[in-house]
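To start, the structure under review is shown below, and the notes come after it.
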Amino acid sequence: MRIVRHYEHGAPSVLRVEEAEKPQPGPGHVLIRSEAIGVTFAEVQRRQGIPIGGHAGLPGAPGGDVAGTVEALGEGVTNVKVGDRVVVDVDHSAYADYVTADAAWLITIPQDMDAAEATLLPSPAQTAYHALKEAGQLKPGETVLIDAASGGVGHLAVQIAKAMGAGKVIATASTAAKLDFVRALGADVAINYTDPDWDDQVRAATDGRGADVVLETVGGDILTKSVALTAQFGRLVFYGSASGDIQPVNPLMLSRMKTVAGFALYAMLYNRPEAIAAGQRDLLEMIRSGRVKPVVHERLPLEDAVKSHELMEARAQLGKVVLVP
């Protein structure tokens, strides 16, 4: 089978497609024939040598969200059967024709569900959903500010926030095309965060009070300003740093009863299985009903893994970039 690996850190060109033996599932794991593989920005950073959200050791074999068909069961697996279609976050060696995964983390998907769209369920959709519901404690009628709203997580967060009853969703993005994209998804206000006064525009959109829930994944100056834009008794959820620049947060900035919460999906997976299961059911219903529409920016063959990372680095995507073996 084919697999994508890299033996040095650097530009997307370090990624190589190689031949390897098909893996075999150990106890509690399954073998999946890949139909689609979602590319995540965290793996772009790890390829660069930045250990965001995980290791960046060598040799590297990027992880990702894999949708496919169960081909074999490891000892003790009873929650799925051979032939079931599933999707799962695979933390290593995901860019491949076949992958193994922990059966406990599988999400069973309908036979007619588009595999590329399904890749948005494990990491992007669950991150957006639980960042809003569990960490952000979003209540109906509240105002939500979503930074980097046109990406894999952000474009889903816009839709999920509306589905959860948010009163106003303010989305930030970096180009006119991305702003049009998030408006089409339901954002009430769209602001270019490269504008020098973008934070003043957010204040004006909230009548000066700020947002009740802020989802922040950019870091740097955007993080600092987003804390300032969090309303009294509001909650900022920090779930990544696309810029690679994590600025310290002055505790005095939180004195108006603001909360800054960190979010990691793995913490939910390991410690809140009931919430994860409920969230998966809720997300599938949101998608079936049309309230949430996963957007695939581009479907590329596995051989174009380099191009997939080039797209991600250029911040050119609207939604998700997916590899199709």
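Key figures for this structure:
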read-out: Dimensions (Å) - the chain, Cα atoms, principal axes, largest first; value: 58, 39, 35
read-out: Label-point gap, in nm, between Gln232 and Arg2 - each point 7 angstrom along Cα→Cβ; value: 5.9 nm
read-out: Listed residues Pro25, Val86, Gly10: farthest to the positive end of the dipole of segment 1-155 (Cβ charges); value: Gly10
read-out: Intensity falloff of segment 60-168 expressed as log10 I(q)/I(0), Debye formula with alpha-carbon point scatterers, at q = 0.13, 0.17 Å⁻¹; value: -0.57, -0.85
read-out: Simple Cβ-charge dipole of segment 169-216, Lys/Arg +1 and Asp/Glu -1, about Cα centre, in debye nearest 20; value: 140 debye
read-out: Label point at Asp195 placed 7 Å out along Cα→Cβ; residues across segment 221-240 whose backbone nitrogen lies under 17 Å; value: 222, 225-226, 229
read-out: Cα gyration tensor shape of segment 111-191, rounded if a/c is under 1.5, else prolate or oblate by comparing a/b with b/c; value: oblate
read-out: Among His309, Pro294, Leu252 the positive-end extreme of the charge dipole of segment 241-325 (Cβ point charges); value: Leu252
read-out: Given Lys225/Lys293; Lys162/Lys225; Lys178/Lys225, the pairs whose alpha carbons are separated by over 27 Å; value: Lys225/Lys293
read-out: Ellipticity estimate at 222 nm from DSSP helix runs (n ≥ 4, -39,500 (n - 2.57)) divided over the chain, nearest 500; value: -7500 deg cm²/dmol
read-out: For segment 86-113 versus segment 247-325, the gap between their alpha-carbon centres in whole angstrom; value: 16 Å
read-out: Two-decimal Rg to Rh for segment 1-88 - Kirkwood Rh, Cα set; value: 1.02
read-out: R0 of 30 Å, Cβ-Cβ distance Thr78-Asp114: FRET efficiency to nearest 0.05; value: 0.60
read-out: Of the DSSP H helices in the chain, those whose Cα atoms cover at least 27 Å axially and whose Kyte score averages 0.0 or more; value: none
read-out: Cα principal axis extents for segment 95-150, largest first, Å; value: 43, 25, 23
read-out: Segment 68-173: GluC sites (Glu not before Pro) falling in loop per DSSP and having at most 15 other Cβ within 10 Å; value: Glu75
read-out: For segment 212-325, alpha-carbon Rg and Dmax in angstrom; value: 17.7, 52
read-out: Burial order of peptide ranges 199-209, 291-301 (average beta-carbon count within 10 Å, highest first); value: 291-301, 199-209
read-out: Which of Lys81, Lys168, Lys22 is most accessible, then next, and so on - probe 1.4 Å; value: Lys81, Lys22, Lys168
read-out: Cα-centre dipole for the chain with unit charges at Cβ (Lys and Arg positive, Asp and Glu negative), debye to 20; value: 680 debye
read-out: Calculated P(r) tail over 11 Å for segment 194-235, as whole % of Cα pairs; value: 62 percent
read-out: Asn250/Ala204 FRET efficiency (R0 30 Å; Cβ-Cβ; nearest 0.05); value: 0.80
read-out: Euclidean distance of C-alpha centroids, segment 124-145 and segment 1-45, integer Å; value: 31 Å
read-out: Alpha-carbon gyration tensor eigenvalues x 5, square-rooted, for segment 144-283, Å; value: 22, 19, 15
read-out: Contour minus Cα-Cα distance for His9 and Ile50 (0.36 nm per residue); value: 13.9 nm
read-out: Efficiency of FRET between Gln24 and Arg299 - r from beta-carbon atoms, R0 35 angstrom, step 0.05; value: 0.75
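The values are calculated or read from the model by the stated rules, or taken from the named source; none is laboratory data. The structure displayed is predicted, hence computed values, not measured ones. With ideal geometry, Cβ positions are generated from the backbone for all residues, glycine too; neighbour counts draw on all protein chains shown. Quick note on the areas: whole protein, heavy atoms, side chains included, nothing else; ligands and nucleic acids left out. Shrake-Rupley method; radii C 1.70, N 1.55, O 1.52, S 1.80 Å.
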